[in-house]
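K.L.:
Supplied in structure tokens, the structure appears directly below.
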Amino acid sequence: MKEGEKLAKTVNKAELIKDVTEYAGFAKNSEGERALQAVLDAIAGALEEGKSVAIQGFGTFALVEKPESTGRNPQTGESITIPGHTIVKFKLSEKLKATVKNVKVAE
């Protein structure tokens, strides 16, 4: 690993709540949990209404329509039609791109 590189690891919700509690200066994890859940609910609610969510310095959550496509059943090899559907895409901000530029992904 090169100097300045960091090894990426998955942070679960409990660890994220702990971090939010510390960063915000909350006295209890329950306050951090409420704050995190409020943010997640607000993002989900906006997406449910068909809106994009842009967080300056972080990134943008946007809905994208995936068209109908043809796939294969891996067991039979038969062609199947995969219906069109909506997905959420996340685009990093330039600031976040620069922040994670030297992070090495764990294998």
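Computed from the coordinates by the stated procedures, all read-outs in this text should not be read as laboratory data. What you see is a predicted model; the values in this text were computed from it and never measured. Methodologically, a virtual Cβ is constructed for each residue, glycine included, from the backbone with ideal geometry; neighbour enumeration extends over all protein chains shown.
K.L.:
Would you say Ile43 is in contact with a Leu (Cβ under 6 Å, 6 or more places away or on another chain) and not hydroxyl-bearing (Ser, Thr, Tyr)?
P.N.:
no
K.L.:
If you don't mind, another one. Quick one: how many residues across region 65-84 are part of a loop (DSSP other than H, G, I, E, B) and either under 24 Å from the mean Cα position of the chain (by Cα) or not polar (S, T, N, Q) (or both)? Walk me through how you get there before you give the answer.
P.N.:
Kept after step one, since they are part of a loop (DSSP other than H, G, I, E, B), are these residues of region 65-84: 67-68, 73-78, 83-84.
Next, from what is left, pick out any that are either under 24 Å from the mean Cα position of the chain (by Cα) or not polar (S, T, N, Q) (or both): 67-68, 74, 77-78, 83-84.
Going through region 65-84 one residue at a time, the tally reaches 7.
K.L.:
Run Phe26 past the list (1) under 22 Å from the mean Cα position of the chain (by Cα); (2) surrounded by 11 or more Cβ atoms within 10 Å (Cβ to Cβ) and report the number of the one that doesn't hold.
P.N.:
Condition not satisfied by Phe26: (1).
K.L.:
Now, a different point. Any chance region 59-82 includes a residue that's among the hydrophobic types (A, V, I, L, M, F, W, C) and over 28 Å from Val103 (Cβ atoms)?
P.N.:
yes
Every residue, every condition in (1) in contact (Cβ under 8 Å) with a residue 12 or more places away in the chain; (2) closer than 30 Å to Lys9 by Cβ, yes or no:
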{"residue": "Glu48", "(1), (2)": "no, no"}
{"residue": "Ser69", "(1), (2)": "yes, no"}
{"residue": "Thr81", "(1), (2)": "yes, no"}
{"residue": "Thr86", "(1), (2)": "yes, no"}
{"residue": "Lys89", "(1), (2)": "yes, yes"}
{"residue": "Leu96", "(1), (2)": "yes, yes"}
